[in-house]
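Notes to accompany the following structure.
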DNA sequence: GGTTTGACCCGTT
DNA sequence: CAACGGGCCAAAC
């Protein structure tokens, strides 16, 4: 029985290194469903807090962060990322060229379909 | 079972 | 450049 989709999302998210970020679409692609970016977003949104996943390291394809309400305040997610060394453009978007994580198939092979 | 819901993505306007 | 619309998929109801 293959792990449920959400579980596979969590498995990959848990391996995102400090100081790097991943996009929803990138995650979906890595899991074999290039068009499931939306579902990935929902999965992360409903991730159980006790798993301590670095969900602040998941961003949109344009480098934009999640709405403020998600992390309970304006600038919260950005502060966490900056603490890890992630840099931003003046318009508030992440510098993806610098910090986007290259998902190595080796590091997620256990969740690849 | 069908319907609804999302922290999306991309092309088009 | 910003806004809009359609497509997409998995879980919850």
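Rule-based calculations on the coordinates, nothing more; no lab input. What you see is a predicted model, and the numbers here were worked out from it, not measured in a lab.
What the table shows:
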item: Value of relative contact order over chain A, rounded to a whole percent, pairs C-alpha under 8 Å and six or more apart; result: 34 percent
item: Rh by Kirkwood over Cα pairs, then Stokes-Einstein D for region A:8-104 at 1.306 mPa s and 10 °C, µm²/s; result: 118 µm²/s
item: Residue-averaged 222 nm ellipticity for chain A, from DSSP H runs of 4+ at -39500 (n - 2.57), nearest 500; result: -8500 deg cm²/dmol
